[in-house]
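Engineer: Dropping a structure here in structure tokens format, bear with me for questions.
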Amino acid sequence: MDDAWAKAHYRLGCALTAYGEYALAERSFEAARKIAPGDAAVRERLAAASELAADERERAEAQVYATRRDLARRLKDARNADRKEMMETGWKQQMQGPDWDASDYEWRPTFLPLMRARKLDAKKFLSDRRRAGMLRFAAAVAERIVSVANGACGVLPMMAASAGATRVIVVERNRFCYRAAKQCVRSNRERLGDAFDRITLLDQKLETCRLKGDDAPLELDETAGDDAGALPPPPLATIDAPADVFLTDLFDHNAGLGLGVLRAIDHARDRGLVTPDAVCVPGSITVNAALLSLRMETVSGFDVSSLNAYRWHPQAARLLELAREPHLLLSDVFEVTRVDLTRRLREKEKDKEDDEEEEEEGKKKKNSGGGKAAWEDDFEVRVPVVADGAFNAVAFWFECDLGGGEVLRSVAPPWGGTGTGTVEGGGDDQEPAATKKRSDDTRYFDADSFGVAVQYLDETFVDASETISLRVRRDKDQVFFTSTPPPTRPRHAHIPQWHYDMLHDAGRNEAYDAAIKTAVTATKRRLGGRCEVLDCGSGSGLLSMMAARAGATHVTAAERDGHMTDAGEENVCVNGFAGVITCVNRDTRYMFTSQSPGLEPKFGLKPDGAKPEMERLADLMVFEVFDSGLIGEGVLHALAFARHRLLTTDAALVPARATIFCQPIEMRFGELSVELNVGDGEGNDASDATTFSSDTMSTTTMTYDMSQANRWRWRKDYEGINLERERHAKRWTPLAPPAEAFSFDFKAVTAETLRPEAMDVTFQIDRPGVFNAIAFWFELHLNDDVRVSTSPHDGTKGQTWQQAVQHLEEVEVTPGDAVPLIATHDTYGVAFEVNDAKFPDRATRRTGVPLYDPTWAVAHEGIKKITDDIARAIVQSPIEYRAAAEAAVAAGARPGDLGLETDVGAEYCLRMMA
């Protein structure tokens, strides 16, 4: 064939098209086009062949993808079969079996999105004592978590009394919030003056409060009864007279409703705790939203989209920094709903006939699921799409109207937009978003502790020409979005958000990729082309795939979490590495190779009778099992066991070593100054916000001492805090230059060298302040040239790690002071304490704020013991696990029906399904 003859290429392309060889035909027509660019017939045939070839490639890619996913499923089935066989072998060796079958281990909880739309019959559901006990435990765990920001610890009542309120009744969420508020209010007795006597704190929840003379019974607990193992009812609190103002900050990220603010308003109204014309502050709450594509695609060149199936939430996920999440905005911002809180406070509940009808309908239900939920709002919003993408999430946040042109927003709006959603249906509170206007003098106050709420939906591909129909439902505890058609995908497992943060950390990923590539190349050169790799704590399989891409002959990806093993193996298969990478659902501390010491001599089996997980010792180990404090996930023990049984004597390690740095800081609540509008006392009732006017009010500044709130920061161990973000908000101050605490050469870590250590660290204070915490972080040396730092100072830290903070008893320090500390580690965690022997005047420098509240510490230890007992029980018995998981799913779907706060139920659900 003459390659310079356009017609020859044209005729060949036509023949190939007839035989269905579209890719080859496209190539021939392209050659003809280059020779005869003006030939219309060639261009037409080329366009048709290109379209057919693209379709063919898409089908081929889909087939390969489906084949690889099917391989991952079959590997998962084989792994489960091996686990079942091992379990039965163990029973045979012990010549006994438990009172449950091996198949019980295969049961997994299932969460369906539409479970949120079905009211739960709490009394029937909790007739099972196991379920009742687990939910009571979940509530107790939540009670020990105390928020000391955004109006807690008595700030709001002190402000109200200082502004001139004649009487302030304070009701907190739980006993610890009550104690925190009491301590802070008492410490401000002198600053408050006469206002102190006008504040009354009640050591009861609002649902136990009633007006003096009201003898009607209170509905304290729907689940009460012998079958539910109910606790004795709490004592009741009596309030002498109704209030004129209902002041609340009972809001969370779940559209502000998750802590039960509407239930609290309803109780106050129905029990006569407020006057008929009472005012609620804030007066209303407005929810805004936007459509999102929030999903994983590729990381470091690998397809990790299979992880999207594990990214969900039973209610709404809380994202503090949505801007750092890769996402695509698919719509303008639109208003979802508005709740007039003052109107709700004044209006009576619906007629009793409706309640009786609902009660009768509920009695007809035979199952524990109850009946259809009663929604206060149920309408459709039609939202124009502004970009092409995979719609799988709704982001929403709220605004509180504080009156006087002031608005508190749960977060600064992540995007611009005036709202384009058109509301269809709904109640009197609903109106098109376009009619909502703000005056030019509106003052916005943006909080940074709530974050953006994100509800995940089943994935749907949309383009900019579409209009999405969203069904919006709201009850007392939640806003619930459903797409058309409604989401139906069942969820059996969940991967926590920090895994996605880690994958989004480009700096970490690039550093590991470079170090692994260097290590694999060097190992192959040293061993003549061989490089066996062990990935300890493989998770998503990212490091394993980096090693395989770098040329490793074989990689063993060991991950102890079953769900993460499944997800990692799917990533491995989808990216075509199934022939190189073997995923193992094992803790490396219990793994063996065929060359490991300690095997049974005759058949080469492990002590438990199972086959070794690896054929040969690894020449390279890659690992990333670090928490904020470096060693909290047991990395030193994993290294010691690996070097004893799984690695060659000269095996390379990535990372090679690490160093921990520490620094004394001031991170506390001190004085809080607020501007208050105060009436002049002439013709104004300070307890009624509706009577104030700008002509009869003056502004004054009050300063409150909130230092007693610092005792509620205490944790027995260190906690992870993003100090980089907190420093921008000026919430902590360094008091001395950083110092090195511990340095670990990972190659030197063996079973013989693994032991606790202690060392003295002395800091020279260079600025005045109150020393009450130690911040520490680490630097990983992946090799001699590549390092990763989690320092809060240099701006290179990604999303993976926070910094570790340990709180200590407060002492005042001045420049020139030497503060001696003792740094210790027990191979599982790092801790610091003041060396009193070298700091004799420490007692005289104390601020008077204790390290912790004693009641809190006792409860902390009690809950920890119960947690350990429950964890042991559900690990040992699938029957106990099933009861706990069923309770968790119900708590995640309908927390309000079970008397739980929305986030408490959701977090309990996610923990049991992680």
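Engineer: Report whether or not K84 is touching an Asp or Glu at 6+ places or on another chain (Cβ under 8 Å), at pLDDT below 85 and charged (D, E, K, R).
Structural biologist: Criteria met by K84.
Engineer: Next question, about the same structure. D817: exposed (fewer than 15 other Cβ atoms within 10 Å of the Cβ) and among the charged types (D, E, K, R), yes or no?
Structural biologist: no
Engineer: I'm told V42 meets every condition in (1) open to solvent by 70 Å² or more (accessible area, probe 1.4 Å); (2) in contact with a His (Cβ under 9 Å, 6 or more places away or on another chain); (3) β-branched (V, I, T) except one. Can you identify the failing condition by its number?
Structural biologist: (1)
Engineer: While we're here: Return yes when M502 is more than 30 Å from L250 (Cβ to Cβ) and either open to solvent by less than 20 Å² (accessible area, probe 1.4 Å) or in contact with a Cys (Cβ under 9 Å, 6 or more places away or on another chain) (or both) and no when it is not. So that I can check it myself, show each step before the final result.
Structural biologist: Details: more than 30 Å from L250 (Cβ to Cβ): yes; either open to solvent by less than 20 Å² (accessible area, probe 1.4 Å) or in contact with a Cys (Cβ under 9 Å, 6 or more places away or on another chain) (or both): no.
Answer is no for this residue.
Engineer: Name every residue in the range 380-411 that is farther than 24 Å from Y310 by Cα, assigned to a strand (DSSP E or B) and open to solvent by 10 Å² or more (accessible area, probe 1.4 Å), in order of residue number.
Structural biologist: So in the range 380-411, the residues farther than 24 Å from Y310 by Cα come out as 380-387, 398-411.
This time we only want the ones that are assigned to a strand (DSSP E or B), so: 380-384, 398-403, 406-409.
Matches in the range 380-411: E380, R382, P384, E399, D401, L402, G403, E406, L408, R409.
Engineer: Residues in the range 63-91 that are more than 33 Å from the chain's Cα centre (by Cα) and open to solvent by less than 60 Å² (accessible area, probe 1.4 Å): how many?
Structural biologist: Matching residues across the range 63-91 total 4.
Quick grid of which residues meet (1) in a strand (DSSP E or B); (2) farther than 29 Å from V479 by Cβ; (3) touching a Gly at 6+ places or on another chain (Cβ under 9 Å):
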| position | (1), (2), (3) |
| --- | --- |
| D249 | no, no, yes |
| D252 | no, no, yes |
| I265 | no, no, no |
| A278 | yes, no, no |
| A289 | yes, no, yes |
| M296 | no, no, no |
| H313 | no, no, yes |
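Engineer: State all residues of the range 845-865 that are under 30 Å from D99 (Cβ atoms) and surrounded by 15 or more Cβ atoms within 10 Å (Cβ to Cβ); if no residue qualifies, say none.
Structural biologist: Passing the criteria: only I863.
Engineer: Give the range 183-205 a look and list any residue that's in a helix (DSSP H, G or I) and open to solvent by 50 Å² or more (accessible area, probe 1.4 Å), or say none.
Structural biologist: Once the filter is applied, which keeps residues that are in a helix (DSSP H, G or I) and open to solvent by 50 Å² or more (accessible area, probe 1.4 Å), the range 183-205 yields R186, R189, E190, R191, D194, D197, R198.
Engineer: Kindly indicate whether R526 is assigned by the TED database to the domain that holds R643, in contact with a helix residue (DSSP H, G or I) (Cβ under 8 Å, 6 or more places away or on another chain) and open to solvent by 40 Å² or more (accessible area, probe 1.4 Å). Don't jump to the end; show me each part of the working.
Structural biologist: On the way: assigned by the TED database to the domain that holds R643: yes; in contact with a helix residue (DSSP H, G or I) (Cβ under 8 Å, 6 or more places away or on another chain): no; open to solvent by 40 Å² or more (accessible area, probe 1.4 Å): yes.
No.
Engineer: Picking from R43, R57, R33, R11, which residue would you name as being closer than 30 Å to N575 by Cβ, not aromatic (F, W, Y) and not assigned by the TED database to the domain that holds A567?
Structural biologist: Being closer than 30 Å to N575 by Cβ, not aromatic (F, W, Y) and not assigned by the TED database to the domain that holds A567 holds for just one of R43, R57, R33, R11, which is R57.
Engineer: To continue, here is another question. May I ask you to verify whether R842 is in contact (Cβ under 8 Å) with a residue 40 or more places away in the chain and either outside the structural domain of R318 (by the TED database) or open to solvent by less than 10 Å² (accessible area, probe 1.4 Å) (or both)?
Structural biologist: Values: in contact (Cβ under 8 Å) with a residue 40 or more places away in the chain: no; either outside the structural domain of R318 (by the TED database) or open to solvent by less than 10 Å² (accessible area, probe 1.4 Å) (or both): yes.
No, not satisfied.
Engineer: Can you tell me which of (1) in contact (Cβ under 8 Å) with a residue 60 or more places away in the chain; (2) surrounded by 20 or more Cβ atoms within 10 Å (Cβ to Cβ); (3) under 18 Å from T753 (Cα atoms) is the one A656 doesn't meet?
Structural biologist: (2)
Engineer: Output the residues belonging to the range 544-563 that are open to solvent by less than 10 Å² (accessible area, probe 1.4 Å) and either not small (G, A, S) or not assigned by the TED database to the domain that holds V622 (or both).
Structural biologist: M545, M546, V555, T556
Engineer: Which residues, taken from the range 166-182, are assigned to a loop (DSSP other than H, G, I, E, B) and modelled with pLDDT under 90?
Structural biologist: Residues satisfying the conditions are E172, R173, N174.
Engineer: Right, next: What residue, of E570, E532, E615, E633, is acidic (D, E), free of Cβ contacts under 8 Å to residues at least 40 places away in the same chain and open to solvent by 20 Å² or more (accessible area, probe 1.4 Å)?
Structural biologist: So the residue among E570, E532, E615, E633 that is acidic (D, E), free of Cβ contacts under 8 Å to residues at least 40 places away in the same chain and open to solvent by 20 Å² or more (accessible area, probe 1.4 Å) is E615.
Engineer: Can you confirm whether the range 105-117 contains a residue that is modelled with pLDDT under 75 and small (G, A, S)?
Structural biologist: No, every residue in the range 105-117 fails to be modelled with pLDDT under 75 and small (G, A, S).
The values are calculated or read from the model by the stated rules, or taken from the named source; none is laboratory data. Model, not experiment: these values are computed from the prediction. All Cβ positions, even for glycine, are placed from backbone atoms using ideal geometry, and neighbour counts span all protein chains on display. Areas reflect the complete protein model, heavy atoms only, side chains present, ligands, DNA and RNA absent. Shrake-Rupley method; radii C 1.70, N 1.55, O 1.52, S 1.80 Å.
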